[in-house]
1. Anything in region 88-119 that is modelled with pLDDT of 80 or more, surrounded by 24 or more Cβ atoms within 10 Å (Cβ to Cβ) and in a helix (DSSP H, G or I)? List them, or say none.
2. Go through (1) more than 19 Å from residue 37 (Cβ to Cβ); (2) open to solvent by 30 Å² or more (accessible area, probe 1.4 Å) and name the single condition residue 155 misses.
3. Exactly one condition in (1) open to solvent by 50 Å² or more (accessible area, probe 1.4 Å); (2) within 21 Å of residue 28 (Cβ to Cβ) is false for residue 229; which is it?
4. Taking residue 17, is it within 15 Å of residue 250 (Cα to Cα), part of a helix (DSSP H, G or I), aliphatic (A, V, I, L, M) and open to solvent by less than 10 Å² (accessible area, probe 1.4 Å)?
5. Is it true that some residue in region 23-43 is closer than 26 Å to residue 176 by Cβ, out of contact with any helix residue (DSSP H, G or I) (no Cβ under 6 Å at 6 or more places or on another chain) and open to solvent by 10 Å² or more (accessible area, probe 1.4 Å)?
6. Tell me which residues, restricted to region 168-196, are within 16 Å of residue 38 (Cβ to Cβ) and open to solvent by 40 Å² or more (accessible area, probe 1.4 Å).
7. Scan region 69-81 and give yes if some residue there is open to solvent by less than 10 Å² (accessible area, probe 1.4 Å), touching a residue at least 24 places away in the same chain (Cβ under 8 Å), under 30 Å from residue 26 (Cβ atoms) and hydroxyl-bearing (Ser, Thr, Tyr), otherwise no.
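The values are calculated or read from the model by the stated rules, or taken from the named source; none is laboratory data. Note that this is a predicted model, so its numbers are computed, not measured. Counting neighbours? That spans all protein chains shown, and the Cβs are built from the backbone with ideal geometry, glycine included. Heads up: the accessible areas ignore ligands, DNA and RNA and are worked out on the full protein's heavy atoms, side chains in. Shrake-Rupley method; radii C 1.70, N 1.55, O 1.52, S 1.80 Å.
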Amino acid sequence: MPFAVLGIGLLAVSFGAIFARYAQAEGVPSLAVASWRLGLAALLITPVALLQSRAALAALSGRQCALALAAGFFLALHFSTWISSLEYTSVASSTALVTTNPLWIGLASFVLFGERPSRMMLSGIALSFGGSLLIFWSDSQNAAAGSNPMLGNLLALVGSWCFSAYLLIGRRLRAGLPLPAYVWLAYGAGALFLVAGSGATGAALSGFSLTAWAVLAGMALGPQLLGHTAYNWSLRHVSATFVAVVTLGEPVCSAAMAFVLFGEGFAPLQFGGFALLLAGIYMAARGEKS
């Protein structure tokens, strides 16, 4: 059962970039895509959080509220930068770079908490760094007219850094909260920050086509609730390292779907960069376990 649930979760999460592309094609601003992805997910989880975690939510401390706001802030930055990256670079490059968070968490754990990385972790970081450079170089040499893959790749990388910060903060907050309460707080806070950002930048949050609304609802139900919930559920049955390795399938699945749906191919250097990047993250995950 855990392997089946992880497979369903991986497939659901892999549709995130595809749905975002379709929403952008329907004229939905990237900030609005991120706002509705988190906002609808928070609304859908509200009844579950209130029914199962009412006592925990009523007993929230000031520190927990501050951590929830911080987690929501970095989650909002993650989605706003990553979804924006899809306007400028390929689905394959964007998803490959945004899933490098295991590397940054390993480095942050060393800098902030003094957790010394293993040799395998360091080797994985080196491989992934080389893979990222290849992707940046390949995209810079094969940029289409009007595109800006270097900017898109940088935004995806920033999205990975923000998601790493979200996970590090969330680990502290999650320790004292049941899952529905934690998810509701993090998603809700992130949605509020994104709505505020949309208002400040003038990004429209309404007036979209029925197709756009259907895609936005699909993002909230599929990648956000089904995908991430499947990962969280699986952590009670398999190791965190195994879950981390399974998530490496996201850029592969997303790239395959983008090839079929959008005709996005791969340059030789880009493909080599993907291979190095995924191999590096796998080694880093193995190093974390050891």
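1. Once the filter is applied, which keeps residues that are modelled with pLDDT of 80 or more, surrounded by 24 or more Cβ atoms within 10 Å (Cβ to Cβ) and in a helix (DSSP H, G or I), region 88-119 yields 91, 92, 93, 94, 95, 96, 97, 98.
2. Here residue 155 meets the rest and fails (1).
3. Tallying (1) open to solvent by 50 Å² or more (accessible area, probe 1.4 Å); (2) within 21 Å of residue 28 (Cβ to Cβ), residue 229 fails exactly one: (2).
4. So residue 17 passes the test.
5. yes
6. 184, 192, 193, 195, 196
7. The answer is no, given that none of the residues of region 69-81 is open to solvent by less than 10 Å² (accessible area, probe 1.4 Å), touching a residue at least 24 places away in the same chain (Cβ under 8 Å), under 30 Å from residue 26 (Cβ atoms) and hydroxyl-bearing (Ser, Thr, Tyr).
Conditions (1) part of a helix (DSSP H, G or I); (2) at negative phi; (3) among the charged types (D, E, K, R); (4) in contact (Cβ under 8 Å) with a residue 40 or more places away in the chain, marked per residue:
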position: 181; (1), (2), (3), (4): yes, yes, no, yes
position: 185; (1), (2), (3), (4): yes, yes, no, yes
position: 191; (1), (2), (3), (4): yes, yes, no, yes
position: 195; (1), (2), (3), (4): yes, yes, no, yes
position: 200; (1), (2), (3), (4): yes, yes, no, no
position: 206; (1), (2), (3), (4): no, yes, no, no
position: 211; (1), (2), (3), (4): yes, yes, no, yes
position: 226; (1), (2), (3), (4): yes, yes, no, yes
